[in-house]
Amino acid sequence: MRARFRFIAPLAIAVALTAACGESGSSGTGGDSDSSAASGETCAPVAGDQLVVLEDDKHLQNADNVIPAVNAQTANSQPALLPALNAVSGALTTDDLVEMNAAVDVDRQSAEDVAAAWVEESGVADGLEQGSGAIAVGGAGFTESTVLANVYADVLTAAGFDASVREVGSRELYLEALKGGTEIQAFPEYLATVTEFLEGDDATQVASGDVDETLTALEPLAQAAGLAFGEPSDAVDQNAFAVTTAFADKVGVETLSELAEACSDGSLVLGGPAECPERPFCQPGLEETYGLKFADFQEYGDTGGPLTKAAIQQGEVSMGLVFSSDGALAQ
């Protein structure tokens with residue numbers, strides 16, 4: 001499971017960034033070259049407090065849309081269960097995830113209160129088919145999973161169920177519990193990640209950036225595991241690439257394709273974890289899928305974490321690897 005990191009305010013990060021980036025400067029394209037040595041300056045780093053994710057318009061990343069997972073036997077015996085959770089999928093967006101994560105991680109509100117407020121404001125609990133009986137919703141222990149588990153439980157309560165939330169740890173543990181159906185009966189999952197996990201062969205990839213194709217791949221795997229999945233939401237928590245809004249405004253870009261077109265002078269500086277220059281969803285994928293060219297790669301030791309975000313904000317890199325639903329992206 002990917003780690004989640006709490007956003008630290010820019011002033012607090014400045015000291016940490018200076019102390020923790022001794023390995024910065026390793027490059028997939030040019031070693032220790034400084035960004036000023038780029039062949040142009042069009043897309044050189046631009047500092048700014050606010051981050052924005054550039055749209056992955058060619059679907060480089062896998063489709064990790066939030067999707068309800070339930071015990072298949074429970075779904076069969078409780079016909080109102082999946083329709084209630086599908087109501088959540090029909091309303092939930094990535095912006096909602098960002099705002100809810102920020103409310104918990106930045107504003108220090110409780111996950112329960114944040115979930116209850118979203119359910120009330122979204123209206124998803126209105127007019128639901130009614131069921132009954134106890135349903136335990138699992139959560140994986142990081143902010144987003146806890147919030148979503150509480151959203152699911154609140155909506156199931158509105159649908160007549162006696163719903164509760166139970167923290168159940170890693171995917172290896174909670175999927176087994178979900179298959180068994182005694183400890184938990186429902187869980188907020190991520191489409192591509194759970195598909196790959198159930199398929200289980202690291203040598204093959206059955207998930208993709210296409211939601212429908214990934215769903216098709218998931219169906220037989222779910223059936224074999226004794227699981228049932230609802231409808232995927234528009235909300236996505238996946239690897240993404242962020243720039244400062246000041247950079248986006250200066251260059252005039254909203255998508256990665258626009259970035260590639262605007263930054264042909266090779267002045268981009270990319271920031272991310274040490275494995276980024278080798279991973280197909282990071283630097284090589286950006287180069288092959290979008291034709292992006294980089295002047296340098298700066299290494300930071302936290303995947304999508306505070307050091308990488310601080311580097312973008314402080315103008316150390318033009319763009320960096322983040323998670324698409326990070327609370328630090330809240331406007």
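Please treat every number below as a calculation from the coordinates, not as lab data. Everything numeric here is computed off the predicted structure, so don't read it as measured data. Neighbour counts are summed over all protein chains in view; Cβ atoms, including those assigned to glycine, are modelled from backbone coordinates with ideal geometry.
Annotations for the structure displayed:
- The stretch 173-331: antiparallel DSSP beta bridges as a percent of all, rounded to 5: 35 percent
- The stretch 261-312 shape via C-alpha gyration tensor axes, a/c threshold 1.5: oblate
- Annotation for Glu129 and Thr157: the two label points, set 7 Å from Cα along the Cα-Cβ direction, are 2.3 nm apart.
- Difference of contour (0.36 nm per residue) and Cα-Cα distance, Ala116 to Glu261: 47.9 nm
- Loop-resident GluC sites (Glu not before Pro) (DSSP state other than H, G, I, E or B) in the stretch 278-330 with no more than 13 further Cβ atoms inside 10 Å of their Cβ: Glu278.
- Largest mean-square fluctuation among Glu55, Glu261, Glu121, in a Gaussian network model of the chain whose springs join Cα atoms under 10 Å apart, belongs to Glu121.
- Extension gain for the segment Asp57 to Glu219, taken as residue separation times 0.36 nm less the Cα-Cα distance, is 55.7 nm to one decimal.
- Counting only DSSP beta bridges with both residues in the stretch 66-229, the antiparallel share comes to about 55 percent.
- Using the Cβ-Cβ distance between Glu288 and Glu172 with R0 = 30 Å, the FRET efficiency computed as 1/(1 + (r/R0)^6) comes to roughly 0.40.
- In plain terms, the C-alpha convex hull of the stretch 126-211 casts an average shadow of 6.7 nm² when viewed from every direction.
- Range in the chain, longest, excluding exposed trypsin sites (Lys or Arg not before Pro) [loop by DSSP; at most 16 other beta-carbon atoms within 10 Å]: 109-331
- Restricting the calculation to Cα atoms, the stretch 84-126 shows an Rg/Rh of 0.98 when the hydrodynamic-style radius is the Kirkwood one.
- Candidate aspartates and glutamates for bridging to Lys309, where Cα separation is under 13 Å - those fewer than 8 sequence places away on the same chain excluded: Asp49, Glu299, Asp326
- Rounded tilt (10° steps) of 211-225 against the dominant C-alpha axis of the chain: 50 degrees
- DSSP-defined beta bridges in the chain - what % are antiparallel, rounded to 5: 50 percent
- Most mobile listed residue (Asp202, Asp212, Asp107) in the chain, GNM with C-alpha springs under 10 Å: Asp202
- On a per residue basis, the convex hull of the C-alpha atoms belonging to the stretch 66-229 measures out at 110 Å³.
- Along its principal axes, the chain has C-alpha extents of 65, 42, 33 angstrom, given from the largest down.
- Theoretical ellipticity at 222 nm over the chain - DSSP helices of four or more residues, -39500 (n - 2.57) apiece, nearest 500: -12000 deg cm²/dmol
- Acute angle (nearest 10 degrees) that the helix 111-122 long axis makes with the longest principal axis of the chain, alpha-carbon atoms: 80 degrees
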